[in-house]
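Here is the structure we will look at.
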Amino acid sequence: MELVLAGLVGFLVAGGAYLMMSGQLIRFLFGLVLLSNAANLAIFAAGRLTYATPPFVLSGQAAPAAGVANALPQALILTAIVIGFGLLAFALALAFRAWQALGTTEMDAMRACEPVNLTVGKKDEIGLDGPQAYARKEREAAE
Amino acid sequence: MSSGMLLVWPIALPMVTAVLTLVLRRSPTGNSVSLVGAVALLAAGVALLRHVLEFGPISAQMGSWAAPFGITLFADILSAAMVVIAGIVAVAVVIYSRQDVTEDERGVGFHALSHSLLVGVCGAFLTGDVFNLYVWFEVMLIASFGLLVIGGRRDQMDAAVKYVGLNLIATLAFLTGVGILYGAAGTLNMADLHLTLADRQNETAVLAAAAMLLFAFGAKAAMFPVFAWLPASYHTPAFATSALFAALLTKVGVYALLRVFTIVFDGSGGFLQPILLIGAVLTMVVGVLGAAAQNDVRRILSFHIISQIGYMVLGLALFTPLAIIGAIFYLFHHIIVKANLFFVAGVIRWKAGSEELDKIGGLLKASPLLAVLFLIPALSLAGVPPLSGFWAKFIIVQASLEARDWWVALAALAVGLITLFSMTKIWLAAFWKEHPDAEPAGMPVAPRSMIWPIATLAVMTVIIGIGAGPLYATAEEAAVTLLDPLAYVEVVLGSEAVAEARAAEQKDLQIAEVAQ
């Protein structure tokens, strides 16, 4: 079972990394989702997998029987899922606002926070939404 | 009051303040509540530090679940002093924000988010549990996301996308590292981890966890090559926010490195030390060269954060007692100086109307006082005696000379020189040359709520510089728990556990002797 999970984690990380490097903001966020699931599964697998032995202390005993499932990794994962959910919700809202403000989700064209001189001379190679198009739009708006 | 509560106050007070300021975010009383909260945090920090200085490190088990099963809070001189400095920065930022942060920005919760950030920062300084450290990092991170987008300008959105994306990757690496660590050791309590992993440092799983955590903390601390989120974002929010970030965020990363790579992992071990050393030197050099290429006050300062982080990590990488003391001293000095420089950048913007070096000038004539207040932190950052930065750099360079790492010492000195070049660049452009459009006499007067925090932090820089002795002594004492992790373990798990560990160590030594 560990082997299956390990393979799945590897698959998720590979898929996540591929999506994140595709240069699209939305795919980047989907990549993050895959990565965070991979991290959670890794914790799950690291906590040792046991089959159908709930971690209960039977009445009259001081400690649970040997070989029960480890409850701690599940608690950790639950915490991580909750945190991850909050972060992702923020990231999606931010992506929407960024799209509204910048008019693009193309990572190469998102240059509003960079100094102007870095983008000078790179003609419209990044497409319609490139920095030159922005500079032009801004000039037009100013006029 | 029990000593356990001393550990809880620095986390609980900003939490309460955050809730109150959220409720009062649209009312003018919110500002006062925020200031009271920040002062209370500072007072809680001072009380904790006094207790720790007098009675030694303390720990408390939350909910009375005995260590290593519950969440442990721990404070030694290092963490208590960090809480005090966070409190100082908090007070300065809240006062500075009165004029710097607009009413609209306060209306969406500037103060509430700032105090939430402080909750995360103080929690990270005080926790004794690796998973809990992850949670505090998240608290800090989500608050910083909010602070970064307050204002909602276009460049802020772009900066936030980069900041959020890259920090989330680091976070996931942190989480995975924690998972692997738990799989290898079966515990996440730092003291317990030290005992469990003492003779297992070279196991694959432990090394994998160390590598993941090194990546994660390195990214949080803005080490080379994972610093790109910092210069992309720090120049976009309000100046008070920039100063808060510059003072505290990366330093929490450095603190986590110092803590985890002394107690949980052996930072002087064969595989980690060269990575830390080369990483530290490249961080210094790349940061300072990046700064030299910039033409905007806050961008220059942002790149200098990176280069200064290099010095602190260098202290950890050298791993001699003197170097660790140097790293701690550097940490103390840097927070004060860096926050102050970002404050000064705000006043430059206020008076001269821009942050771009080409568009400003004439400030020496307009305000000689501001010129002095800029020179103190700027020269301290570059390491000019007798200011605080000189002693910080002096200790680190001395440590690298003692370790006979000549090229490291050379790099540290050269980076100091280029830092001076960057500071001179700001000086020449903002203060010395004429303003391209405005007359010095016609510049707006900076409000006192902006000048006072700057002046106070500048005085502190001078005091640290002239009276470096006491702070050095404090850093020396603070290094004790980092250099002797069993002292840390003893506070958390009790002396029996340590006696056992020491006995086992003796036995190993004897076996090794017999084998020889």
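What follows is calculated from the coordinates using simple rules that are stated; it is not laboratory data. In this text the structure is predicted, and so the values were computed from the model without any measurement. Note that we place each Cβ from the backbone using ideal geometry, even for glycine, and neighbour counts take in every protein chain shown.
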Among B:479-489, B:112-122, how do they line up by average Cβ neighbours within 10 Å per residue, starting with the highest? B:112-122, B:479-489
Mean separation of Cα contacts under 8 Å, 6 or more apart, over the residue count of region B:193-302: relative contact order %: 33 percent
Please report, in whole Å, how far the alpha carbons of region B:25-132 spread along each principal axis, starting with the longest. 46, 28, 18
Against the globular-protein guess of 2.2 N^0.38 Å, express the Cα radius of gyration of the protein assembly as shown as a ratio, rounded to two decimals. 0.96
Once the Cα atoms of helix B:272-292 and of chain B are each reduced to a long axis, what angle between those two axes, in degrees from 0 to 90 to the nearest 10, is obtained? 0 degrees
Sort the following peptides by mean Cβ neighbour count (other Cβ atoms within 10 Å, averaged over residues), highest first: B:387-394, B:354-361. B:387-394, B:354-361
Where does helix B:29-55 land angle-wise versus the long Cα axis of chain B, in degrees 0 to 90, nearest 10? 40 degrees
Over chain B, consider all pairs of different Cα atoms and compute the Kirkwood hydrodynamic radius from their mean reciprocal separation; express it in Å, one decimal. 23.0 Å
Give the calculated FRET efficiency between B:Asp358 and B:Ala208 to the nearest 0.05, with a Förster radius of 56 Å applied to their Cβ-Cβ distance. 0.70
Determine, from the Cβ-Cβ distance of A:Phe30 and B:Arg153 and an R0 of 35 Å, the FRET efficiency 1/(1 + (r/R0)^6), rounded to the nearest 0.05. 0.85
Averaged over the residues of A:69-80, the number of partner chain Cβ atoms within 10 Å of each residue's own Cβ comes to 3
Averaged over peptide B:169-178, how many Cβ atoms belonging to another chain are found within 10 Å of each residue's Cβ? 6
Determine, at each q value in 0.16 (inverse angstroms), the log₁₀ of I(q)/I(0) that the Debye formula gives when each Cα of region B:85-241 is one equal point scatterer. -0.93
Computed about the Cα centre, the charge dipole of region B:399-482 from +1 Lys/Arg and -1 Asp/Glu charges at the Cβ has a magnitude in debye, to the nearest 20, of 120 debye
Taking only DSSP H segments of four or more residues, each worth -39500 (n - 2.57), what value at 222 nm results for the protein assembly as shown once the sum is divided by all its residues, to the nearest 500 deg cm²/dmol? -25000 deg cm²/dmol
Cβ neighbours within 10 Å from other chains - mean over A:95-101: 5
Each label sits 7 Å from Cα toward the beta-carbon; between B:Val19 and A:Ala6 the label points are separated, in nm, by 4.6 nm
Once you place label points 7 Å from the Cα toward the Cβ at B:Phe69 and B:Ala515, how far apart are they in nm? 3.6 nm
Mean separation of Cα contacts under 8 Å (6+ apart) over length of chain B, as relative contact order %: 15 percent
Derived scalar couplings ³J(HN,Hα) [region B:478-486; Karplus, 6.51 cos²θ - 1.76 cosθ + 1.60; whole Hz; x for Gly, Pro]: 5, 6, 4, 5, 6, 7, 10, x, 5
In debye, nearest 20, what is the charge dipole magnitude of chain B about its Cα centre with +1 on Lys and Arg Cβ and -1 on Asp and Glu Cβ, if you could check? 1500 debye
Calculated FRET value between B:Ser268 and B:Ala43, using beta carbons and R₀ = 56 Å, to 0.05: 0.90
Under the 7 Å Cα-to-Cβ spin-label approximation, B:Gln506 and B:Phe55 lie apart by a distance in nanometres of 3.0 nm
Count of lysine pairs, chain B, Cα-Cα under 25 Å, sep. 8 or more residues or interchain, comes to 24
